[in-house]
Amino acid sequence: MIGRVFQSLDYEAAIMGLGGGDADPNPEMNVWTANGTSRLWNLNPSHPANGWEREIDELMQKQMVTLDYTKRKQLYDRVQQLIAENLPFIFLATPNILAGADAKVGNFRPAVLEPSTLWTADELYVRTPNAESAGAR
């Protein structure tokens, strides 16, 4: 399948898992920009990028160097809007995760984004029998 997607371009659709999950879009520049190694649409170099693809490239470059959080978010929101309108990807995702911890771990609240079990690492603690009895008094 990888050969068909990246080399022969002999496919109509593929289900693939792209790792990620960072709240910041910069680690995924290779997915969103035309010269990215994991940009899985329009892989044929003889077909130049069309208007919305060029706009994504421009927006991703701008957001990468924009220091103002609100402006940066607006730029990436527009990228997401272009992806939703043109559907080079159809995202198959679920907000449900399965994570477990020993009952001794307090404040264990897994998050959707990875690392799921460490989003509240600064709030985790280990319950001890002495701490439990002291807290109950």
Those residues of region 75-112 which are of a type outside the set (G, A, S), at pLDDT below 85 and loosely packed, with under 12 Cβ neighbours inside 10 Å, in sequence order:
I90, F91, L92, T94, P95, N96, L98
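Need at least 1 residues that are among the hydroxyl-bearing types (S, T, Y) per element, so show me which helices (runs of 4 or more DSSP H) inside region 7-93 make the cut, counting only ones lying wholly within it.
Numbers: elements: 29-32, 51-65, 69-86.
It comes to 69-86.
May I ask you to verify whether T33 is outside the structural domain of S116 (by TED's automatic domain parsing), touching a helix residue (DSSP H, G or I) at 6+ places or on another chain (Cβ under 6 Å) and modelled with pLDDT of 85 or more?
On the way: outside the structural domain of S116 (by TED's automatic domain parsing): yes; touching a helix residue (DSSP H, G or I) at 6+ places or on another chain (Cβ under 6 Å): yes; modelled with pLDDT of 85 or more: yes.
Yes, satisfied.
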In region 63-73, is there at least one residue being on the phi < 0 side of the Ramachandran plot, out of contact with any helix residue (DSSP H, G or I) (no Cβ under 9 Å at 6 or more places or on another chain) and of a type in the set (F, W, Y)?
yes
Of these, W52, W41, which one is under 17 Å from L18 (Cβ atoms) and assigned by TED's automatic domain parsing to the domain that holds L18?
W41
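The values are calculated or read from the model by the stated rules, or taken from the named source; none is laboratory data. None of the values given here were measured: they were computed from a predicted structure. Cβ atoms come from the backbone with ideal geometry, glycine included; neighbour counts cover every protein chain shown.
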